[in-house]
Amino acid sequence: LAKAPADDARRVVRFFMSGAFFDCSYLTDPSAAQKKSSTKKKKTKSKAAASHPNPPQELSSGLRIKEMLEENGRTSILPSARGIMAARFHSLLSDFVSAINSQNRGGNKNKPFYAKGSKPESIYRALSEVSGILSLLESSGAKPFVNTSTNSETDDASDMEDPMEASRASLLQVQSIANDALVNECDGSGDKDVLRAKAVFVTGCASLMMSLYLQLSDCGNDNEEEDDEDDDVFESVHEYISDLAECVDGFCQVMENENSLKKDDDEGNPLAAMAGLLVNILSSPVGGEDSGKATPVRSSASKLTRETVKVAWSGMISVINDLNEKNKTLKSLVDEDVMSILIESVCGEKSMTDDEHDEDESIDESDSSEDELGASAVFANASEAGMDLDEVNEDPASDSEESNEGSDDGSSKDSEDEDGGKDIELDPEKLENLLLEDSDAEMSDSGILEHHAGADKALAQLIKLKQEARKKSQVERERVEICNRIRCAVLLDSLFSPSVFNSGWLPVEAVLGSIVPILRSRKAIAKSIQALSPINTKKSLGEREGLLERLSALVKDKISKFRCSKHPEAEEVALKASSEIYEEMKLSLNNAHCSCCSIALITAVRCVPSLEENGAIRDIYASAVVDWSSRKATKIHECVFNDLIKRMPSLASLVLAKPLMTAAREAHSPFLKCESIKLMAALYKHDGTNADELMSKQAISTLKQCCSKAAETLKNALEDSSLQKAKHQDEVLNTTRHFVNYVKAQNEGILTNPELSGLQKALEKAGESQKGQKGKQLFSQISDTIKTLARLDIGEGQKPKHPKTPKVPKSSKKQKKSKK
């Protein structure tokens, strides 16, 4: 449909719309009403075409449906068929809007009519035409299908304002603002940038409002249950349209007048109001999904709503992006309330608070939910107590009685065993009646309450049924909640877009403050995936994995692109975020979560001014190396240091060189020693020539100063008995090769002759122990290269440029040189 000609696409959409929402049997052609009708009217196609030679294109589909009904002797389309047509209409219109988005790139040359202009304008034109056809059909005699329950409610409340008329008035109000903005932009009457931004914003909101208004069209379903559900949806849509009109009006006032924003008013921030409204739309059946109540019509309609939600939110962000220099008030709109709304919509409620507070709240919620259950709470408590319902079916008292009766009752005992071995499937109402009969039992003459024999089994089965029903509903609610959280992630995607980051108006608190809640939410989702039972795996595994990927993408692909502009409070915020991320990293669930924490830590570290002189950052990474190399139960993985070396080689040279060399000697396992040596190779491989980020002078100097310690570390590794395995020797040899090439690439000697000679002898000795000829050649080649390296000559009055090794006193070095 997207690649079809515009007329074909319009005709298909008009056909489904006319047949789904209107009774076209009363539709008339206004142009034909002025002509004299013929004396004889036959129900043939040719005669009908002759009586209506040129019907309007907007009514052609409806008139064609009327003719087809008359030809087949029917008065209207079946409700089931109308439901299919309604679902198809919303689905095709959504695909059409998506196609406009994809086509709207580059210039306007050689593009369809709808794809010309900006995305909001193109979508606004398409949906305006559809809304206009709806009004034209109704004014031409076609009767829209109305929900019977809604119609009766409006009749009873005749003294109140009709919600349909109120929503239509709100829609016309926003359309008028959008049309005025487009006209003023074409005329050039005003600030060009302001007019352009206003046009994009208002047309996007008008498109969302029209997509909501289309959901008020009813296909006349006869199902009473679905009618009740539609009533709730219609009521929500009316509220959303009214709130959206208020948001548009409030944001336009802020655009036109900076002083119109009331800081003391809780509802004065139009961006917060808009964010809350869009989250509610995406989390409701209108734009999301409802637990177990989704219908094809509602699902298709919500797809179109989600597309226009993206357009409306992107238009609002683009206004701040384009006008933040002219209107300083727009920068202050992204405050704590806005970020709390957005983060909690994706990460869950109260995700911005502490963990302990969350646990207390969750306990309180569980207690309150059990109080609301009433009598059903008994079954929940029985389930939580760990009662084995299968064992409850076997009554130990009855077993003891049967054993005392002897073998005469063997037949009855066998029959009872057979019954106990089978699952008892009873209606819950019958089970409750059985329990009620037991509660009404009278006292016997001896004063003992007579107990019904089947009450225990009935109670056990009733508990089991309640438990299974509760679990199923809980799993479904969790699945729907996760789906809604995935849908709300598009709001954060737009806010954390490259265009917003490049403009530099987004507060550093908004970006860095959202990292830890996202990481914690990601870890919680990963834990829930691991804890899924086989029964619930198929139902929610895909949704949980999808949310896990979205949260990971937010950190790795979106927030990682953030670069902090000059801000007086940037250092304090960045250091606080770095410390919190490091604490979260130490509690990583697996390597994937640790990798997200690593990227997040680098993002926060980049925002620290005078980064290389900051001691707090050095302490964080030095502590990470110690934790990784010394603790057996560490949660930190090697990716933390690899990411820093790849993304910030200059900082990595400053903060990792010495800790890694220490770890290569003192790590608690040969594997970690080998990994430390492998990371040393990555450090000396990045010499500043091919790195994405140029090495600073301080970093270059630090690497040179650490060469003496690096040579000693490699020498000890070659002689270490715990690193004599082939795979360990290969890593040590590879690191030695990179290190020797680094020393060779320097224009001056940076190692003394004893240091190079010691490394050379260790290589020769290790090469002799190699069994293969190829391995011996590799060791020999590196040894020969060391012979050609320039030595650091320490003459009289000169000092070495690198510090002495701490373990070797100065006197011992002087004695060695004097012996030479």
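Multiply the residue separation of Lys576 and Leu532 by 0.36 nm, subtract the distance between their alpha-carbon atoms, and state the gained length in nm to one decimal.
Additional length available on full extension: 12.4 nm.
Starting from the amide H of Phe22, placed 1.01 Å from N in the peptide plane, find each other amide H under 5 Å away whose residue is 5 or more places distant or on another chain.
Hits under the 5 Å cutoff: Phe145.
Cβ under 9 Å from Cys483's Cβ, Cys483 left aside: what net charge do those residues give with Lys, Arg +1 and Asp, Glu -1?
The answer is 0.
Volume per residue, Å³, of the convex hull around the alpha-carbon atoms of the range 564-721?
So the per-residue hull volume is 104 Å³.
Considering every pair of different Cα atoms, what Kirkwood radius, in Å, is found for the range 482-562?
The answer is 13.6 Å.
Take the Cβ-Cβ distance between Asn72 and Glu613 as r, set R0 to 60 Å, and report the resulting FRET efficiency rounded to the nearest 0.05.
Computed FRET efficiency for Asn72 and Glu613: 0.10.
Glu349 to Glu239: extension gain in nm, 0.36 nm per residue of separation minus the Cα-Cα distance?
This chain segment gains 37.3 nm when fully extended.
In nm, to one decimal, how far is the modelled label at Ala745 from the one at Glu336, with both set 7 Å along Cα→Cβ?
Spacing of the two 7 Å Cα→Cβ label points: 4.9 nm.
Greater than 32 Å separation of Cα atoms is the criterion. Which listed pairs, Lys471/Lys632; Lys715/Lys774; Lys198/Lys539; Lys727/Lys761; Lys556/Lys678, meet it?
Lys471/Lys632; Lys198/Lys539
To the nearest 0.05, how large is the calculated FRET efficiency for Asp191 and Glu476 if R₀ is 51 Å and r is the Cβ-Cβ distance?
Once the sixth-power term is evaluated, E becomes 0.50.
P(r) of the range 612-680 in 5 Å steps, Cα pairs, percent per bin?
3, 19, 32, 27, 13, 5, 1
Can you figure out the FRET efficiency of Asn734 with Ser98, using R₀ = 45 Å and their beta-carbon distance, to the nearest 0.05?
According to the calculation, E is roughly 0.35.
We did not get these values from a lab; they are worked out from the coordinates using the rules stated. This is a predicted model, so every value here is computed, not measured. We place every Cβ from the backbone using ideal geometry, glycine too, and count neighbours over all the protein chains shown.
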